[in-house]
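Please read the structure below before turning to the comments.
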Amino acid sequence: MALYYLKESDAGEVNLTPGVRSRPWKLSPLLCVICCTIILCAGIVQWLGLTWPLEERLLQTIPTSILPKLPPRSVLRLLEIPGSDGSLAPLDVAMALRGLGKLHPAGILIAGKVSTSQESAQLLPGVLHTISAEGIDVIQAREFSPSTEYHSVPLCRYDPPSWIGATLSLENVPGKLSNKEEGCFFPMSTDPLQGVQLFAQTSNGEVIGSVWWEVLRKTVWRDPGGTINHDLPIWLLSGRLLVFPGHAPIFLTKRGMIPILETGSSPLKSATLDDFLLGIEQKEQGALSADFEKVWNDAFVIIGKSSDRSFAGTLHQLEARLSWRHLSWIGQLLLIMGCILLLVIGLSSGSIPSLILAVLTTAATSALFLLSLRHGILIPWLGPAFLSLGLLIRGMLSK
C-alpha cells in the first residue's frame, strides 16, 4: 500500500506526495541453501575427525584444573632390544620380562618373532608363566601354520559396488578361526612406509587381527567402565574408514593400513634394554628414583626393535586422539539439523533477534563444550561456530 505525506506549496496548496517505505529484508533461497550446506559440511568434517589437530592444540592451552575428569589413558612405552635377522633373542626377551615383572605394567606386547635355541628353550616359557601368574597379560604373535588358531574380530564391513574400486583386499595368512580370547599374527611386512597393518584374513575369508590391532584393542576398545567389551561392533567402511563406537574414525590406506603419523606433542617414551636393566638393578639395590617406576607402572609396554618406534609412535598418537569420546552419529546429525533450523529462523528474523540468537548460541556452545570436556567428550563445535557466524552477519545487516 502506498504511503503519502502532506507537502505545502508556496501558494498555500496542499499536495499529496507519495513517500518511500523501506522494504523488509527478504531471505534469499540461494543464500539459505549455501549457509545450510556449509553447516552440513562442517558437521561431516567434524565427524571424520579432521579437526583433531586444532582441537589438540586447543586442549593443550586449557589448564588441567578446568579438566579434572579427563579420560584415563593407557600410556604406551617401547622397550628396545637388539634383534638379528628380524628375530628377537629369547634371552633378551626373558630379561626384559623378568624386569617388567618387578614393576606393574598394564600389559606387555612382544612385537616380533622370538628365535629358538636349546639354551633358552626352558627359560622363556618359565618367565612367561611367572608373568602370567602375577596377573600381567602378555601378547605374543602366533606362528604361521595351517593349524594356528586366531580369535575373531567383531568387524562389520561395508564395501561399495566393485565398479567404484574402493573394496579392500586383505592379506591371506594360514590358520583358522577359534573362540579363544587370544591369538594374533605378526605382519610379514615391517616397512614403515606401508603403514601399520591391522587385519588379515584366513583362507575361509575370516578376518583376524595383528599384534598392532591388539594394542588398539587393549588401550582404546573399552567401555566406560574401563574393561574390554568384545561385543562393541567396529565398522570398516569402503575399506578406508575404520569407525570405533563413540570415537572419531581412522583413515586407512588402500591396503587397509594406518599411515605412519609424525611424532606429535606427546612423543613416545622408549628405553634401551641396557638402560632398563640398569634401572632394575638400581631398584633391587634400593637406589632407584621414583621416576623410573612411574614410567613403567600402569603402562602398556611394547618389547620390540628400534625400528618399531614408528609403528608404536603412530599407535601412541592414535591412542591420544581416541581417548576422547564423541557423540554418536545420530546425536551429531540431530545437532547439525538443529543448527540448520536455528539458522533459517535467524535469517528470516530481523537484525536484533539475529544478534540475540548469535550471542545465545555462542554462549551455549562454549558452555556445553567446556562441560563435555570435564567428562572426556568432544562435542561438535564447527557447525555451531558457523551458525553463530551466519547469525552475526545477518544481525549486522540493516533492515
Counting only DSSP beta bridges fully inside segment 76-323, the antiparallel percentage to nearest 5 is 30 percent
Taking I356, I39 and counting other beta carbon atoms within 10 angstrom, the fewest-first order is I356, I39
Computed about the Cα centre, the charge dipole of segment 76-323 from +1 Lys/Arg and -1 Asp/Glu charges at the Cβ has a magnitude in debye, to the nearest 20, of 600 debye
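Take peptides 366-379, 291-304 and line them up by average Cβ neighbours within 10 Å, highest first, as a rough protection proxy.
Highest-to-lowest ranking by the protection proxy: 291-304, 366-379.
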In terms of the charge dipole of segment 263-365, which places +1 on Lys and Arg and -1 on Asp and Glu at the beta carbon, the residue among S351, G338, G279 farthest towards the positive end is S351
Charge dipole of segment 76-323 built from unit charges on the beta carbon (Lys, Arg +1; Asp, Glu -1), centred at mean Cα; most positive-end Cα among S270, S115, Y150 is Y150
Given 128-137, 98-107, the highest-first ranking by average Cβ count within 10 Å works out to 98-107, 128-137
Amide H neighbours of I139 at under 5 Å, excluding residues fewer than 5 places away on the same chain, with H built from the backbone geometry, are I108, L109, I110
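Values quoted throughout were computed directly from the atomic coordinates according to the rules given, and no laboratory measurement underlies them. Just so it is clear, the model here is predicted, and its values are computed rather than measured. In this analysis, Cβ positions are derived from the backbone assuming ideal geometry, glycine residues included, and neighbour counts consider all displayed protein chains.
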